[in-house]
Structures are given as structure tokens and as C-alpha cells.
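Read the structure below first, then the notes.
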Amino acid sequence: MKRYFIIIILSVAASLNAQKFEGLALTPPMGWNSWNNFACDVDENMIKEIADAMATTGMKDAGYQYVVIDDCWHGERDSLGFIQPHPDRFPSGMKALADYIHSKGLKFGIYSDAGWKTCGGRPGSRGYEYQDAMKYAEWGVDYLKYDWCNTEGMNAEGAYLTMRDAIFKAGRPIVFSLCEWGNNNPWEWAKDIGHLWRTTGDITNCFDCVVDHGTWKSWGIMQILDMQDGLREFAGPDHWNDPDMMEVGNGMSVNEDRAHFSMWCMLAAPLIAGNDLRNMTKETIEILTNSEAISINQDRLGIQGFKYSARDSLEIWFKPLEYGHWAACFLNRAEQSRVVEFDWEENKINDEFSKRSLNTQSEIYNLYNVWARKSFGNTSAKFKSEVPAHDVVLMRLTPVE
Ligand code: GLA
């Protein structure tokens, strides 16, 4: 009896002390993840080549830092229950791989699942949370994506809390990325548990479509975008809505990739590339490394943008930025190009959530076109521009001194 009492006291004390590692994602995390392009076909050589490419293509200089191996890196648990990487795919072990990635000035991420098996049928962390977190810390892991397959009957908040506490106890600061697809409204409870949480099911490399896999669906860029409605007030520095990893460079048109990237910037979404960094076209590199677009995403206020209007497949989005700046994005969802007109003086843009207003009646803002990389007038004149099909005009507004 006395022994049980002591154990209860100790475990309550342990969980009271545990917390999320604060301050690891004050701006949306930027990196790369293997899943969208490689699925289960992961091995140490490919991951090292991706790290090399991240360092040499300008991705690292643009701010990308996490190299995350998604599902299927796992081998068996050893006789004591510790997880091991797949011996043929990762023969040098995870510590050596982490060291390699760190030697490039980058950070290392890994994947597990709250259930007994991952979505790809590999060993999950259920019942092994503390042992797995210990291993990750020992290997030098900096980022953990934690999935939600095979969790029947489990409580999501409790499961993610357990892993958060395990990470904290293991002692190595690790960005904790919740991947339960928004099923249990993580935005309502995950702020103190993780640094980002998926808001939807899986993305697919299609601008505007739904792919039905029978028991589940994957979603196009526009479908995912629509599912973000109503969530912006839950996001901010160190706790982000995650509309899933990007499909830029995975087969959509350049216009569509540009629109996708721009919207992820407007949403203050984590920028996790999902393409093969070893083989990128010039256009893909230009999109993923556009420093002006990235600065909108990485703005330190961390305010998620909002849809101001939507008419005839044309959406106008705004995002308040530091120093009284704003980002504006004109998104053409139609399959035809169109001419957009916007009278700044007639539109008063008031953001109740951030308590900011874009006061174009009393102030003039200079306009900078992020993709054309040039200034184009100011808000004292009507804005008029052609927006190609499935494309955007993305701009930064700066108050005239
Ligand atoms: C789920 C996740 C994906 C990916 C796969 C791996 O579907 O949502 O992002 O991690 O599992 O199996």
C-alpha cells in the first residue's frame, strides 16, 4: 500500500514538473520532410544527400533547417524495448546521421506515432513513450512529428501530453509536431503541449481536388486552405496551425506552386518542403527561397492571415506584419486568368483579432510585388493587375514615412 502511495506521489510530481520546451518555434518552423515525395522509401544516403542539397541550393540560407525523416525508418525494438532504425536502410545508425546533419548546420527530425503502430505499420510509441524520447535525445533529435494511426480508444490530449512529458524528461529540447489531423480540435488544447498541430488530413499534389482512397481522403491545396477557416485565433508564436507539408515542386504548375507557397506564407504555416531537394527546377528553387515571401511567413508578430473577401473565385487575403506593415494576397482560384481591381480607399480593413486596421484613408502605403520583386505604386491609386489562373499577386504594404 505504502509503496503504491509513493509511486503515485512520484509520478504526480514528475508530471507537475514536466512542460513543453518553450521558445523553440517563435516563428513557423522551416524544413523538409520525406513523406510527400518518398513515402516509405527512406534511407541514410538519401537523407544525407537531402541535407547536402539543403545546404547548397540556398534553402538553408533562406531559413530552412529541419531535415525530418517521416514514417518507415524503424526497425525492431531490441530485447529491452528500445527502438532501433532499420538495419539495411540506416546501417550507420541514427546518431551518425544526426551528427552528419548537424555538421551541415542543420537540425534533425524524426517521426513516430501515438498508437501501437505507425500509419506505415512500423512500431508505434504507445507504452514506450519515455524509452523512445530517451533514444531520440541520445541520437540528437531536434524535431518529432507524432502521428495518430492505430490509436482506437485513446484520448488525444492525454496521449500527446504523455509524449510531451517524456520529451521534457529526456532533457533535449525537441520541437513537438502533433499530427492528429485536426480530429480532436488540437487548437483548443495543444498550445502548451506542442509547437504545431496538423489541422487537416493529408495534402496531395493537386491544386483543387479531393483524392478518395476508400477509407480516407487526401486534399488539394484549395481544399486544405478552406479548412483553415475559423482557426487563426488559435495560432501564434510557438504554437502554430499546420495545414500540412508542402507540395511545391511535386508536379503542380509553377503558377499553382507559387499560389500554394504564398498562401502558406499568408497562413503563417510551418514551411516544410516535401519535394526532392536534390532535383529542383530553377522555378521551384525560386519559389521555395523567395526571401520576401518568407519574411511574410516568418514575421515575428506571428499573426495568421485572414480572408477579407471571396467573390467569383477571387479571394483577397490580408496579414498584419511588424512595424505597421501588411501583406496582401490576391488569389485567383479560377481556371482562367482575370484582371483584378481594388480600390484601397473604398475598403477599410479592420482586423478585430489583432486589433490592427489598414487605414488607407488616412495613410498611404507603398506596394511591393513579392514575385515580380519590384515596387508598384502606392495605395493612393486603385490597384489593377492581371492574375493568371491558379496564381496570386502577393504584396507587402509599407506605410510611407
Ligand atoms: C499520416 C500523416 C502523414 C504521414 C503518414 C506516414 O498519413 O498524416 O503526414 O506522416 O501518416 O505514414
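Pop the C-beta distance of GLU352 and LYS217 into the FRET formula with R0 = 25 Å and round what comes out to the nearest 0.05.
In this case the efficiency is close to 0.15.
Once you charge only the Cβ atoms, +1 for Lys and Arg and -1 for Asp and Glu, what is the size of the charge dipole of the chain about its Cα centre, to the nearest 20 debye?
For the chain, the charge dipole is close to 920 debye.
Suppose all protein chains stay in the model; what accessible area per residue would a 1.4 Å probe give for the stretch 49-151, in Å²?
On the way: 3920 Å² over 103 residues.
Roughly 38 Å² per residue, with all protein chains present.
Out of all DSSP beta bridges with both ends in the stretch 22-297, state the antiparallel percent to the nearest 5.
Numbers: 7 of 31 bridges.
Around 25 percent of the beta bridges assigned by DSSP in the stretch 22-297 are antiparallel ones.
Angle check, please: helix 44-56 long axis (alpha carbons) against the longest principal axis of the chain (alpha carbons), in degrees 0 to 90, nearest 10.
30 degrees
State the percentage of accessible surface on the stretch 79-128 attributable to carbon and sulfur atoms; use a 1.4 Å probe and exclude ligands, DNA and RNA. Please list the in-between numbers first.
Numbers: 1170 of 2310 Å².
Whole-percent figure for carbon plus sulfur exposure: 51.
Note the per residue figure in Å³ for the convex hull of the C-alpha positions in the stretch 223-315.
Looking at the stretch 223-315, the number lands at 107 Å³ per residue.
Which of LYS117/LYS217; LYS217/LYS319; LYS191/LYS355 have a Cα-Cα distance over 24 Å?
LYS217/LYS319
Taking 25 Å as the cut-off for C-alpha to C-alpha distance, list the pairs among LYS20/LYS48; LYS20/LYS307; LYS60/LYS145; LYS307/LYS382; LYS20/LYS107 that go past it.
LYS20/LYS48; LYS20/LYS307
Using Cα atoms only, what is the angle between the long axis of helix 2-17 and the major principal axis of the chain, expressed in degrees (0 to 90) to the nearest 10?
20 degrees
How high is the FRET efficiency from ASP41 to SER309, r the C-beta distance, R0 30 Å, rounded to 0.05?
Here the calculated transfer efficiency is 0.10.
Report, as a whole number in µm² per second, the diffusion coefficient that Stokes-Einstein gives for the stretch 123-244 at 4 °C and 1.567 mPa s using the Kirkwood radius over alpha carbon pairs.
85 µm²/s
If packing is taken as the average number of other Cβ atoms within 10 Å across a peptide's residues, how do 169-175, 110-116, 123-129 rank, most packed first?
For the peptides 169-175, 110-116, 123-129, the packing ranking is 110-116, 123-129, 169-175.
Between helix 254-266 and the chain, what is the angle of the helix's C-alpha long axis to the longest principal axis, kept within 0 to 90° and rounded to the nearest 10?
The angle comes out near 80 degrees.
Report the FRET efficiency, 1/(1 + (r/R0)^6), for ALA96 and LEU26, where r is their Cβ-Cβ distance and R0 is 35 Å, rounded to 0.05. Walk me through the intermediate numbers first.
Numbers: r = 30 Å, r/R0 = 0.87.
The pair ALA96/LEU26 has a calculated efficiency of 0.70.
Out of residues 5 or more away from PHE376 or on other chains, whose amide H comes under 5 Å of its own, with H placed 1.01 Å from N in the peptide plane?
Result for PHE376 returns LEU367, TYR368, ASN369.
Compactness ratio of the chain: Cα Rg over 2.2 N^0.38 Å, N = residue count? Display every interim value, and only then the final one.
Details: Rg = 22.1 Å, N = 401, 2.2 N^0.38 = 21.5 Å.
Compactness ratio reported: 1.03.
If I take the Cα coordinates of the stretch 306-399 and project them onto the principal axes, what are the three extents in Å, biggest first?
Principal extents (largest minus smallest coordinate, Cα): 35, 28, 22 Å.
Restricted to Cα positions, what overall size does the stretch 248-391 have along the principal axes? Three whole-Å values, descending.
So the extents along the principal axes, rounded to whole Å, are 49, 34, 25.
If contacts are Cα pairs under 8 angstrom and at least 6 residues apart, what is the relative contact order of the chain in percent?
13 percent
How large is the convex hull of the Cα atoms of the stretch 27-92 per residue, expressed in Å³ as a whole number?
It is 106 Å³ per residue.
Take the Cα gyration tensor of the stretch 161-208, multiply each eigenvalue by 5, square-root it, and list the three semi-axes largest first, rounded to whole angstrom. Before the final figure, lay out each step's value.
Numbers: eigenvalues 127, 32, 11 Å².
Equivalent-ellipsoid dimensions as semi-axes: 25, 13, 7 Å.
Relative contact order (percent) for the stretch 279-401, with alpha-carbon contacts under 8 angstrom and 6 or more residues of separation? Walk me through the numbers on the way to the answer.
Values: 227 pairs, mean separation 32.3, N = 123.
Normalised by residue count, the contact order of the stretch 279-401 is 26 percent.
With +1 on each Lys and Arg Cβ and -1 on each Asp and Glu Cβ, how big is the dipole of the stretch 342-399 about its Cα centre, in debye rounded to the nearest 20?
The dipole magnitude comes to about 240 debye.
Can you give the calculated 222 nm mean residue ellipticity of the chain, where each DSSP H run of n ≥ 4 adds -39,500 (n - 2.57) and the sum is split over every residue, rounded to the nearest 500 deg cm²/dmol?
The helix-only estimate for the chain comes to -7500 deg cm²/dmol at 222 nm.
Tell me, for the chain, which Cys residues have no other cysteine's C-beta sitting closer than 4.7 Å.
Taking the Cβ cut-off of 4.7 Å, the unpaired cysteines of the chain are CYS179, CYS265, CYS329.
Can you pull the semi-axes for the stretch 43-126, root of five times each eigenvalue of the Cα gyration tensor, sorted largest first, whole Å?
26, 14, 10
Put a dot 7 Å past each Cα toward the Cβ at ALA18 and SER362; how far apart are the dots in nm?
Distance between the two pseudo-spin positions: 5.1 nm.
How much accessible surface area, in Å² rounded to 10, belongs to the heavy atoms of GLU188 with a 1.4 Å probe?
120 Å²
Using a 1.4 Å probe, what is the accessible area per residue for the stretch 187-337, in Å²? Walk me through the numbers on the way to the answer.
Details: 5240 Å² over 151 residues.
Accessible surface, normalised per residue, equals 35 Å².
Taking θ as phi - 60°, what are the ³J(HN,Hα) couplings along the stretch 156-173 by the Karplus curve (6.51, -1.76, 1.60), each to the nearest whole Hz, with x for Gly and Pro?
Per residue, the Karplus-derived 3J(HN,Hα) values read 4, 4, x, 5, 6, 5, 4, 5, 4, 5, 5, 4, 4, 5, 5, x, 9, x Hz.
The values are calculated or read from the model by the stated rules, or taken from the named source; none is laboratory data. On a predicted model such as this, the values are computed, not experimentally measured, just so you know. All Cβ positions, even for glycine, are placed from backbone atoms using ideal geometry, and neighbour counts span all protein chains on display. Areas reflect the complete protein model, heavy atoms only, side chains present, ligands, DNA and RNA absent. Shrake-Rupley method; radii C 1.70, N 1.55, O 1.52, S 1.80 Å.
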